[in-house]
Amino acid sequence: MLATGAAVTTALAQVDREKIYQWINELSSPETRENALLELSKKRESVPDLAPMLWHSCGTIAALLQEIVNIYPSINPPTLTAHQSNRVCNALALLQCVASHPETRSAFLAAHIPLFLYPFLHTVSKTRPFEYLRLTSLGVIGALVKTDEQEVINFLLTTEIIPLCLRIMESGSELSKTVATFILQKILLDDTGLAYICQTYERFSHVAMILGKMVLQLSKEPSARLLKHVVRCYLRLSDNLRAREALRQCLPDQLKDNTFAQVLKDDTTTKRWLAQLVKNLQEGQVTDARGIPLSAQ
């Protein structure tokens, strides 16, 4: 009986596999592409080797890029419909699958495919189709940085991803802000990324200004998840000596007092990061005889 069950499972898996091959082939034809995009995006979690299959099949990546480029005219003026947004986001979901797979990631970067998504990150329309488009595009970049690969950071630092993330961190929806801040956090956690952001005062001050605005906003509309990423960004910045000096002057008061005590009451990790941040900023500080920092006088 067990053998029969295993045979049935194998047969079903084979049928499923045949369907995957069929849908990949159907991506090459404009008539069948929309349904194939939908079906494959649903299956991307359950087919471990979908990324290499997509990357190495003839015309598939070109078809996905065509879907992206087809949307550009709807960006400006902003006329993107929900239907267009859903369709292109299915294509982006398949690109995310390629971006996060170890076998295809390097080739994905070498082909500079993330740059095709940047026009979507430039958009500012607050409508749901645009918000979904930005969030899904951020998801592709988020999948890249989540791998903690040096080549990913090296690639991103040659592009405009930091200012794009900062703009979304300032004015996006809570979910988009969270993903954009996570991307910045991952760039900062890399030594090359930290050095790049702290290399000039302009870069550092832009990052510090946006993080400061976010803290102010979070004090009015708390989000534990977003706050966690913001605190981690500040803590990592404090690892750089020049940035640490600057943060002594510009760290928001809300991170020094009990503003977020209620939000963080169950989050021991963020509380520990916050305590470490304050400690980092106090170390090596010049004080007067009363123990008051001279810069505060």
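The values are calculated or read from the model by the stated rules, or taken from the named source; none is laboratory data. In this text, all values refer to a predicted model and were calculated from it rather than measured experimentally. Note that each Cβ is placed from the backbone with ideal geometry, even for glycine, and that neighbours are counted across all protein chains shown. Side chains included, ligands, DNA and RNA excluded: accessible areas come from the protein's heavy atoms. Shrake-Rupley method; radii C 1.70, N 1.55, O 1.52, S 1.80 Å.
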Search result, residues across the range 165-182 that are of a type outside the set (Val, Ile, Thr) and within 10 Å of Arg134 (Cβ to Cβ): Gly172, Ser173, Leu175, Ser176, Ala180
Subset tally (residues that are more than 28 Å from Ser173 (Cα to Cα) and assigned to a helix (DSSP H, G or I)) for the range 226-242: 2
Single unsatisfied condition, Lys265 versus (1) within 25 Å of Val179 (Cα to Cα); (2) over 24 Å from the mean Cα position of the chain (by Cα); (3) modelled with pLDDT of 95 or more; (4) open to solvent by 50 Å² or more (accessible area, probe 1.4 Å): (3)
Selection status of Ile168, of a type in the set (A, V, I, L, M), within 13 Å of Leu138 (Cα to Cα) and not in a loop (DSSP other than H, G, I, E, B): yes
Number of the condition not met by Pro78 [criteria: (1) touching a helix residue (DSSP H, G or I) at 6+ places or on another chain (Cβ under 9 Å); (2) exposed (fewer than 14 other Cβ atoms within 10 Å of the Cβ); (3) closer than 20 Å to Ser100 by Cβ]: (3)
Residue match in the range 136-153 (condition: open to solvent by less than 10 Å² (accessible area, probe 1.4 Å), among the hydroxyl-bearing types (Ser, Thr, Tyr), touching a Cys at 6+ places or on another chain (Cβ under 9 Å) and part of a helix (DSSP H, G or I)): yes
Tally, over the range 77-123, of residues that are more than 19 Å from Ser41 (Cβ to Cβ), aliphatic (A, V, I, L, M) and in a helix (DSSP H, G or I): 5
Qualifying residue in the range 55-64 (condition: without any contact (Cβ under 8 Å) to a residue 12 or more places away in the chain and open to solvent by less than 70 Å² (accessible area, probe 1.4 Å)): yes
Some residue of the range 31-50 being among the aliphatic types (A, V, I, L, M), farther than 20 Å from Gln84 by Cα and in contact (Cβ under 8 Å) with a residue 24 or more places away in the chain: yes
Filter pass, Leu121 being within 18 Å of Trp55 (Cα to Cα) and free of Cβ contacts under 8 Å to residues at least 60 places away in the same chain: no
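Residue-wise test of (1) free of Cβ contacts under 8 Å to residues at least 40 places away in the same chain; (2) farther than 30 Å from Gln150 by Cα; (3) surrounded by fewer than 22 Cβ atoms within 10 Å (Cβ to Cβ).
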residue	(1), (2), (3)
Thr181	no, no, no
Ile197	no, no, no
Thr200	yes, no, yes
Leu216	yes, yes, yes
Val231	no, no, no
Val278	yes, no, yes
Scope the range 233-257; condition closer than 16 Å to Leu184 by Cβ and either of a type in the set (A, V, I, L, M) or open to solvent by 50 Å² or more (accessible area, probe 1.4 Å) (or both); matching residues: Leu235, Leu237, Asp239, Ala243, Leu247
